[in-house]
Every structure is written in structure tokens, then in C-alpha cells.
């Protein structure tokens, strides 16, 4: 059975886009990239970077959302308008409308194989990476320009280099140039033979002012029913709770892929995928099951801070702006600056994805709903520090660390390789 | 699938989790059969910790050391069942860990 990746326009037969088996095999296993990864930041050319960083003004103005208040947090198009970045909307639309265009980009596992290898060996370690063990099925992909940039900047440190030099000096990684793109997609499992539950973010529901607002807490739960001959129960088990179903959606309401056996094998190397499928389906993935796209981050390089867009599946209650592309169920927000344009309360710009940042808790500057993706990625550096302290406003890497160009993945790669080598020396992880 | 899925509070590769509050237990059916691939959620009101039972119907989680058991709400569920109930068993005397959670799904 060939791998399938595509979407079906309403009322029509499924539009199936064949993806070669080789690509299916590379379907990601990403857990680690999670809050890290797929983006970069800007600071001009590498020689200027230290100066730029030194000049960067820390303008941290945490603002907390009132406890239990009804809020709408993502500012949506005003950000785009203020930055004159309507192209970002088009970029997101293309990613949704033609997923085959990015399915051929190298994924993180290709560029950072050691990171993935360690994850495979120690899958349970990756489990805690997101929202205290609340998983998503993630994949990060780099377009050829981004890949070339990472290679040229020395960000892809190989295992052999580390064998020679356990603590290699990483030169500052410049921000992604124009034309370079990195995406991180989040998928949700759907059984091929039964309705599957899906939580839906509502920006107007009460939220925890400092705690996690991950999908476990979202009030609305719908069912995705790929088989219309099967009825949908009024309540379904989802992630440890029995939840009332408010709506029934079809696969056509999503961009989705159908898993073949190689795809199942691939995802089963990912501890998060295994865990999520059990939390949602009550079993592991099997061939024929579907994955629907629930969220996607885009970082488009510009040589500076770049443009950052994020979209999530939802409805009018889900905040953001409606992406003008079929199926019209994806909302989005974007940003090109960690501060501007200011929010209506005068605080720094806010841009988050409820699926990807919603579960993050307050680390002193607001939780994941008070986040701007650029702020987090401005701290990306080697040695890797705690990237979970999301915030808004300008940030910079810690002193005596080497900026990794707004990308967390190179920093984590080195961190994990070093860790792996230490473990090897103790005989914990056999070297291959 | 023999692997057990842990719901550790902190990314293990970034932080040394030297101490923590251990929560463990099982999920069973009303007939007494241990249920694999059931989900157990411990909600502190601040964040949730999630585990999936292993092939023997057991789970184990390590929460932050300062977790107060009486402030933790727990739940469990599994596709194909319609309700669940659980019971906590705290350690005796002054010990604060480990805490056992027995869950039954119907």
C-alpha cells in the first residue's frame, strides 16, 4: 500500500498524493524538536552577531492573563499588517494547500541523525519533553536552502567530530537567509475504523493564568469520523478522561495522511507517537490509520529575525485569523518581532500556537499563552539551556554560550551527543 | 508492546531528576483484568502528568518532589470503556511518597 498524503475536497473523492515509500520511511519521529527547533533568529551576519547580541535590549514585560478570564490571545492579522508581511500568509497557505511541496524537504532526523538515534534508543526520555509527558506527533523539516545554510555554518556537528573533540567550539550560527524555511508539523492520530476524539482550542474559554493550558484541558472535544457508517457516541475516552463530543468532523476537514506499514514502523520509533496513539485510540497505530494535521509552525529566514507563522486547526472560537485556503478550518498568527507591534495593553507582541505552546507553564514570565516564538528562539545557544522558559520581548543567549542562530536543534544535538558519549563511557548505552 | 510510558515532570536529558514523588499503580477492568494502553492523568491544577499503562496494566510516574498528594486530581480512561473510578493509597506515617493509584474502568 502506497503512502498517502493529501486532502479530500468536500464532496469529492479523496485527493491522494502518492509519496514514495522512501519518504514514508523518513516520516519523522520527532519529539525532541518540540519546543526547540525549527526556527532560527536573526542578528545579521555571524561576524556581527556578538555585537548585535550585546546591543540587544532586554525588554521583558511579562503580563499575565487574568485568572479564569475569557480571553482571546492571538492577535492575528494586525501583526501581519504591521510588519508588512502578507507573504507569510501565502507561505502558510501553500504549506496547507500543497503539503507535498514540503513533504520532500529533509527532516530533522536526516540532518541530525545522532539526535534521533539517541531518541530511538531512549524513547522514554523524550516522553517528558512536552508538557510534562503530554505528547504530540511532531516532524520538523528544512528546505534545501535551510539545509545548505546549516551545513555551511557548521551547525551539523557529526559524531566523528565529537569523538575527536568532545567539546567542539561551535562558531555562531548566522540566522537563516532569505529563502530558507523550517517547519514543524503536529499530527493527531485517527483510527481508520472508528471515530476518534480531538480536543479543539477555544480562545474564549477560561484558562489557567500561570499553569498549563495544553490540549488535555481544552473544553471542546469533537470526533473525527472517517467511516460514516459508524455512529459516534456522545462521550469518548480521551487522554484519561471521558469527554462529551460537541461536533463530528470528517477527514475532509483536515489535511491528512494515511499510514502504510512503513509509516507505522517509522512512527513507532517515536515514543510520543506511541503514547499519543494509546491516549487517543486506546491502542498503537496500525496501517490504514490516519494522521490529521492539527498545527504547523513556519520560520522563514530573512537574514534577520525572520518571519514566523503558526497555524492550528479550529473554528471561530479558536482565535487567530482564518487561513484563506481549503479546508477553511485552519487559523493562524504570525510575528516578525518579539516586541512589536505591542498588544492592546502595551505589552510585547504575543504569538503562540495553542497546540505547541499552550501546554507550557509559567516560568516567571507568563505561560505559553504569553509567548512570542522569537523570544524563545533568541535564547537558542550551545551549551543548551532550559528552553521551556517561554516569554515575550527581546532575549539573548546566556553569557559564554554560542548562539545557534535562533535554532534550538543544533544546540540540543550537541547536548545529546555529549550526553551519549558520557553514557557510553559508563557503559550505559552501547556504542554502535 | 512491553514498553511503559513515563510521564516525568522534567525533560530527563536536560535536568537531573534526583528526587521526586513516585506515583504508581494499575488500571483494571471491573472483572479484574489488567488493562494495557489505558491513560492515567494526574492533575495538580497547574499541570497534568500523563502515563499510559504497560502490557501488564501498570504505570509509574515521577512528579516534582514538592507535589502535595491531596492537591492532585486523578483520572483514567481507555477507549472502549465508558466510565472509571480510582482510589489513592498514600504511604503510611510521615512519608510523602510513593503513592499508589488503583483505577477501574467499566
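The values are calculated or read from the model by the stated rules, or taken from the named source; none is laboratory data. All values derive from a computational prediction rather than experimental measurement. Note that each Cβ is placed from the backbone with ideal geometry, even for glycine, and that neighbours are counted across all protein chains shown.
At a glance:
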| quantity | calculated |
| --- | --- |
| Set A:106, A:135: member being in contact with a helix residue (DSSP H, G or I) (Cβ under 9 Å, 6 or more places away or on another chain), within 14 Å of another protein chain (Cβ to nearest Cβ) and at pLDDT 85 or above | A:135 |
| Residue in region A:369-381 that is surrounded by fewer than 23 Cβ atoms within 10 Å (Cβ to Cβ), at pLDDT below 90 and either at negative phi or not in a strand (DSSP E or B) (or both) present | no |
| Boolean, residue A:203 is surrounded by fewer than 22 Cβ atoms within 10 Å (Cβ to Cβ), under 20 Å from the mean Cα position of the chain (by Cα) and farther than 14 Å from residue A:135 by Cα | yes |
| Qualifying residues in region B:87-106 (those that are in a strand (DSSP E or B) and touching a residue at least 24 places away in the same chain (Cβ under 8 Å)) - the one farthest from residue A:238 (Cα to Cα) | B:99 |
| Residue within region A:217-225 that is at the interface with another protein chain (Cβ under 9 Å from one of its Cβ atoms), over 23 Å from the mean Cα position of the chain (by Cα) and within 20 Å of residue A:282 (Cβ to Cβ) present | no |
| Residue under evaluation residue A:259, criteria (1) within 21 Å of the chain's Cα centre (by Cα); (2) at pLDDT 95 or above; (3) under 21 Å from residue A:217 (Cα atoms), criterion not met | (3) |
| Subset tally (residues that are more than 12 Å from chain B (Cβ to nearest Cβ) and within 22 Å of the chain's Cα centre (by Cα)) for region A:226-256 | 5 |
| Hits in region A:290-313 - residues which are closer than 19 Å to residue A:236 by Cβ and buried (at least 24 other Cβ atoms within 10 Å of the Cβ) | A:291, A:294, A:313 |
| Condition met for residue A:390 (over 24 Å from residue A:177 (Cα atoms), touching a residue at least 24 places away in the same chain (Cβ under 8 Å) and assigned to a loop (DSSP other than H, G, I, E, B)) | yes |
| Only one of A:264, A:221, A:286 that is at pLDDT 95 or above and closer than 30 Å to residue A:90 by Cα | A:221 |
| Residue within region B:49-56 that is more than 9 Å from chain A (Cβ to nearest Cβ), in contact with a strand residue (DSSP E or B) (Cβ under 7 Å, 6 or more places away or on another chain) and buried (at least 19 other Cβ atoms within 10 Å of the Cβ) present | no |
| In region B:74-103, the residues that are under 25 Å from residue B:46 (Cα atoms), within 11 Å of another protein chain (Cβ to nearest Cβ) and surrounded by fewer than 19 Cβ atoms within 10 Å (Cβ to Cβ) | B:83, B:86 |
| Top-ranked residue of region A:259-273 - restricted to ones that are within 14 Å of chain B (Cβ to nearest Cβ) and part of a helix (DSSP H, G or I), ranked as nearest to residue A:135 (Cα to Cα) | A:272 |
